[in-house]
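Here's the structure, in structure tokens; my notes come after.
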Amino acid sequence: MFVNRFVFICFAALAAALGLPLQSTAATQNSENAAATAESSVTFNSVHVDGPYIAMTFDDGPSATLTPKLLDLLAAHHIKVTFFVIGENVAEHPEIVARAAHEGHEIGNHSWSHPNFAKMSDDGVRSQLRRTDDAIKNATGERPTLMRPPYGAITAREKHWIHDEFGYRVILWDVDPYDWKRPGPAVVRNRILKETQPGSIVLSHDIHPGTIEAMPSTLDALAAKGFKFVTVSELIRMATPKPAHTKAQHGETTEATTAPSPSGSPSPSPSPAG
């Protein structure tokens, strides 16, 4: 009897010893899965969709001369886009932002003066977002629900407290024509055409003349390829689950703190893009 009990105790101890790491591994995996799910509902580089839908986005405006030209073009093409605006520019030209919203475009928060959030205090980031949020509300009557950090620079912790406090989704991108380097309209167009795929979020800027010059032929060529244009929020609402065997879409990241480069890997340091 004693021998049997001793054997049982030893077996139980061994089983427990073997079981603990397995339980710990499972718990860790569950925790990581939960974190990934939470992250994917807050941050978007692109969206998995069933259909040829894309979101064109324009940063750093409004520009007094260029943004109205772009709005005229978009109206002629019956295309809706998303503008990530700078608060200082909204305060200077609220009528342009009001027009964009009235014509069905989406307005997102892109900070007050375009600083690097990843290098700022929480209070500094909070002030940048709140002032811009108020300026957009004053111009359009509605508060934004999307935010794009300048340069794409933001820490994982910032993403979550900003989402919790402001309710923003953090929008990055997977197509970057580097139009801020002013490579010329043809280069901007060709880069966008090469990189864009269903579910893409395309970055560009409505403060550079070359970008505005590139847009008529770019939009025509994208439409000719079968793409349909929606706002970022519309694209997110179209999201469908990815098949388990499907690799992440081009450029997609969940913990990037800087803007993705066209190759899909985070840039080593923030660039003027975004």
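The values are calculated or read from the model by the stated rules, or taken from the named source; none is laboratory data. Remember, predicted model here, so these are calculated numbers, not experimental data. Here the Cβ is made from the backbone with ideal geometry for all residues, glycine too, and neighbour counts use every protein chain on show. Accessible surface areas use protein heavy atoms only, side chains included; no ligands, DNA or RNA. Shrake-Rupley method; radii C 1.70, N 1.55, O 1.52, S 1.80 Å.
Any residue in the stretch 125-136 that is open to solvent by 10 Å² or more (accessible area, probe 1.4 Å), among the β-branched types (Val, Ile, Thr) and over 18 Å from the mean Cα position of the chain (by Cα)? No, that holds for no residue.
Within the stretch 184-199, residues that are within 22 Å of Ile171 (Cβ to Cβ) and in contact (Cβ under 8 Å) with a residue 40 or more places away in the chain have Cβ atoms under 6 Å from residues that are open to solvent by less than 40 Å² (accessible area, probe 1.4 Å) and of a type in the set (Gly, Ala, Ser) in these pairs: Gly199/Ser46, counting only partners at least 6 apart in sequence or on another chain.
If the condition is being over 21 Å from Leu219 (Cβ atoms), open to solvent by less than 30 Å² (accessible area, probe 1.4 Å) and out of contact with any Pro (no Cβ under 8 Å at 6 or more places or on another chain), then the stretch 65-100 contributes Ile86, Gly87. Based on what the data block shows, is Ala101 at pLDDT 95 or above, small (Gly, Ala, Ser), in a helix (DSSP H, G or I) and more than 20 Å from the chain's Cα centre (by Cα)? Answer is no for this residue. Taken over the stretch 47-56, the criterion of being open to solvent by less than 10 Å² (accessible area, probe 1.4 Å) and either within 15 Å of Pro241 (Cα to Cα) or under 10 Å from the mean Cα position of the chain (by Cα) (or both) is satisfied by Val47 alone.
Picking from residues in the stretch 177-195 that are in a loop (DSSP other than H, G, I, E, B) and open to solvent by 10 Å² or more (accessible area, probe 1.4 Å), the one that is nearest to Ala153 (Cα to Cα) is Tyr178.
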